[in-house]
Structures are given as C-alpha cells and as structure tokens.
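The values are calculated or read from the model by the stated rules, or taken from the named source; none is laboratory data. Predicted model, so just to flag it, every value in this text is computed and none were measured. Glycine also receives a Cβ, built like all others from the backbone with ideal geometry; neighbour counts cover every protein chain displayed.
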Amino acid sequence: MLKELKWTLFQKRYSLIVKQALKEGQIASIDDSIYDEMKDTYLFGFPANFMIRYLQEIGYPNHKCYDISRFSMLCLKDSTWTKGTIKSLEILYGKEAATHYWVERYGKVYDFGLTKDGMVFDRDLFYRLQYVDETETIYEKREDHITRCDDISGMLGKKEDYLPGGAKRNDFLIMAMTIKPNVETSANDNLKQEWQKILNDMQFSSTERIRFTPYQKKM
C-alpha cells in the first residue's frame with residue numbers, strides 16, 4: 001500500500017514538472033542530429049546510429065541501460081558516462097535495483113534507455129525529477145573510459161575495417177548473422193530498409209562465409 005502511494009505521488013509530481021518542462025524545451029526526444037553524429041563510428045561492424053537506435057528490436061542480447069548508454073557515450077565526443085540512483089526505479093524495485101546509467105554532455109542528460117527513441121533533459125531538471133544524489137553518483141569521461149577499458153578496440157572500428165578484406169570483416173559477419181532473424185521478423189519497415197542499405201553498403205553477399213583462422217573453432 002505504501003509503495004503504491006509513493007508511486008502515485010511521484011507520478012503526479014513528475015507529470016506536473018514534465019508538462020511545464022516540455023513547454024519550455026527542457027525535455028525532448030533525442031533527435032536525428034545526435035544519431036547522425038554516431039554514423040561514422042562502427043559498432044560490431046554496423047554504423048553505431050543503427051545499432052543504438054534499434055538495439056532492442058534487433059535483439060542485442062544485453063539490451064540494458066548499461067549497454068546502450070555505454071555505446072552512446074563511446075560515439076559522442078566530450079561526453080561523460082554516468083551511473084546513479086534514480087527515484088522511479090527505487091520506488092518500483094527498491095534501493096538495490098535503482099541503479100541507472102545515462103550520458104551527460106554540455107549540460108544535458110541523454111537517456112537512451114528511458115524510451116524507445118531516447119530522451120534528452122536539461123541536466124538540472126533530470127536530477128531534480130529523479131532525486132539524483134551527486135555525492136553517490138559516478139562520472140567517467142569518455143577519454144578516461146577508453147583508456148581504462150581493454151575491450152573497446154574489439155567493439156569499435158572504422159568502416160574500412162569491416163569491408164571485404166578488412167581486418168574485422170568476421171565481426172561484421174557474425175553480428176549480421178546474429179541479428180538477421182530479428183530484423184527479418186520485425187514489423188518495422190524503417191529498420192528493414194536501413195538494414196538492407198547497410199548490407200549493400202558493406203558489400204554483403206549471402207554466399208559469404210566467416211573466415212576461420214587456425215586459432216578459431218566453428219561454433
């Protein structure tokens with residue numbers, strides 16, 4: 001009963017603030033300019049804007065705020081990856097399950113995991129809406145994260161790396177095989193059209209096979 005009451009009060013307060021913030025332009029959907037900024041970065045062989053926009057639909061196995069915020073941060077210069085506790089999750093699932101990840105840049109919060117298309121908030125507004133405690137929040141700049149983590153080179157690359165003959169062509173083929181069934185069964189025509197454009201651009205052939213080295217075993 002107490003949980004339901006807390007959630008009702010939170011929603012009422014949230015709705016009132018959001019309604020006014022929308023009028024003032026403090027909240028908006030993440031627009032194409034942000035996704036366009038990602039298009040020259042390739043993530044597992046595919047343009048990052050495609051992977052991040054359709055992450056859930058293509059069936060990426062770990063679609064969580066952790067993954068989508070991390071991928072987004074890696075594609076956006078001057079960004080900061082942020083880990084904190086937000087009130088909406090705390091009320092619904094408890095303090096232990098209230099951890100959330102988002103991206104910050106130029107006084108804005110980019111929350112790619114909040115809705116299908118993602119939302120951008122004025123930073124101060126987001127912190128006020130979700131009762132974010134900065135003393136318990138962890139911030140990591142993009143450059144520091146790239147320096148710290150040794151798996152980045154395996155995720156990111158340039159287009160030429162994934163074209164036929166490129167050093168990472170196998171990565172593209174493996175990801176294509178992984179997400180292909182979900183794309184083909186999707187009802188999203190935009191997803192299917194972008195998928196086909198990418199396959200054509202990457203010179204993909206249905207007869208092409210993964211090249212195994214002596215150190216690789218077939219799955």
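Number of residues in the range 109-160 that are farther than 22 Å from Met51 by Cα, in contact (Cβ under 8 Å) with a residue 60 or more places away in the chain and assigned to a helix (DSSP H, G or I) equals 3.
Of everything in the range 73-94 that is touching a Ser or Thr at 6+ places or on another chain (Cβ under 7 Å) and of a type outside the set (S, T, N, Q), the residue that is nearest to Gly118 (Cα to Cα) is Met73.
Table: residues versus (1) modelled with pLDDT of 90 or more; (2) in contact with an Asp or Glu (Cβ under 8 Å, 6 or more places away or on another chain); (3) over 27 Å from Lys141 (Cβ atoms); (4) of a type in the set (Phe, Trp, Tyr).
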{"position": "Lys3", "(1), (2), (3), (4)": "no, no, yes, no"}
{"position": "Leu16", "(1), (2), (3), (4)": "yes, no, yes, no"}
{"position": "Asp40", "(1), (2), (3), (4)": "yes, no, no, no"}
{"position": "Phe71", "(1), (2), (3), (4)": "yes, no, no, yes"}
{"position": "Leu74", "(1), (2), (3), (4)": "yes, no, no, no"}
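Considering the range 51-61 alone, what residues qualify as being of a type outside the set (Ser, Thr, Tyr) and crowded, with 21+ Cβ neighbours inside 10 Å? Scanning the range 51-61 gives Met51, Ile52, Arg53, Leu55, Ile58. In the range 58-71, the condition of being within 13 Å of the chain's Cα centre (by Cα), part of a strand (DSSP E or B) and in contact (Cβ under 8 Å) with a residue 60 or more places away in the chain is met by no residue.
For the range 124-143, a residue qualifies if it is closer than 16 Å to Lys87 by Cα and crowded, with 18+ Cβ neighbours inside 10 Å, and the qualifying residues are Leu125, Phe126, Leu129, Gln130, Val132. Answer yes if at least one residue in the range 183-197 is surrounded by 14 or more Cβ atoms within 10 Å (Cβ to Cβ), touching a strand residue (DSSP E or B) at 6+ places or on another chain (Cβ under 7 Å) and assigned to a helix (DSSP H, G or I), and no otherwise. No, the conditions are met nowhere in the range 183-197.
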